[in-house]
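Since the structure comes first, as structure tokens, the remarks are kept for the end.
The values are calculated or read from the model by the stated rules, or taken from the named source; none is laboratory data. Remember, predicted model here, so these are calculated numbers, not experimental data. Cβ coordinates were reconstructed from backbone atoms using ideal geometry, including for glycine residues, and neighbour counts include every protein chain displayed.
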Amino acid sequence: MAHTNTAFVQAKNGTVADVVVALGTAPFDFSTANLLRAAEAIVVANTNGIVITWEGTNPTATLGMPVAAGSHYVVEGRDDIPRVRIISKDTVAADVTVFLKG
């Protein structure tokens, strides 16, 4: 069976505060099909730090992978991407961009 190139990139930008935001919900309202199709999710903390998880648990300011302002984290794997959760590291909201890459 020949390999079919299904590469795509989709981006969503939004504000994340002290309430957990899951991929697939506003402002990162990617379709379920695209979340399952993506091989990578690149989560960029444009302003202020964030904390992310990718196994389905909700992050807190101290639980999860911290991502400093101006940095990014790459989540790989079609099982993990739909379970990504994001919260602001501090009480200050963060501008965040998420890229899905397939």
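Below are the figures for this structure:
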{"quantity": "Pairs with Cβ under 9 Å, 6+ apart, first in the range 81-98 and farther than 24 Å from Leu36 by Cα and free of Cβ contacts under 8 Å to residues at least 60 places away in the same chain, second among the aliphatic types (A, V, I, L, M) and assigned to a strand (DSSP E or B)", "calculated": "Lys89/Ala45; Lys89/Ile50; Lys89/Val51; Lys89/Val67"}
{"quantity": "Flag if Gly14 is at pLDDT 95 or above, out of contact with any Gly (no Cβ under 8 Å at 6 or more places or on another chain), assigned to a strand (DSSP E or B) and within 11 Å of Val98 (Cβ to Cβ)", "calculated": "yes"}
{"quantity": "Output for the range 77-102, where each listed residue is part of a strand (DSSP E or B) and surrounded by fewer than 13 Cβ atoms within 10 Å (Cβ to Cβ)", "calculated": "none"}
{"quantity": "Scan of the range 75-102 for residues that are in contact with a strand residue (DSSP E or B) (Cβ under 7 Å, 6 or more places away or on another chain), within 12 Å of Ala61 (Cα to Cα) and polar (S, T, N, Q), ordered by number", "calculated": "Ser88"}
{"quantity": "Flag if Ala33 is closer than 13 Å to Gly102 by Cα, surrounded by fewer than 12 Cβ atoms within 10 Å (Cβ to Cβ), free of Cβ contacts under 8 Å to residues at least 40 places away in the same chain and over 12 Å from the mean Cα position of the chain (by Cα)", "calculated": "yes"}
{"quantity": "Conditions (1) surrounded by 18 or more Cβ atoms within 10 Å (Cβ to Cβ); (2) in a loop (DSSP other than H, G, I, E, B); (3) without any contact (Cβ under 8 Å) to a residue 40 or more places away in the chain: number failed by Pro27", "calculated": "(1)"}
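For every residue, the table says whether it meets (1) modelled with pLDDT of 95 or more; (2) closer than 17 Å to Val19 by Cβ; (3) of a type in the set (Ser, Thr, Tyr).
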{"position": "Leu36", "(1), (2), (3)": "no, no, no"}
{"position": "Ile42", "(1), (2), (3)": "yes, no, no"}
{"position": "Asn46", "(1), (2), (3)": "yes, no, no"}
{"position": "Pro66", "(1), (2), (3)": "yes, no, no"}
{"position": "Tyr73", "(1), (2), (3)": "yes, no, yes"}
{"position": "Arg78", "(1), (2), (3)": "no, no, no"}
{"position": "Ile87", "(1), (2), (3)": "yes, yes, no"}
{"position": "Thr91", "(1), (2), (3)": "no, yes, yes"}
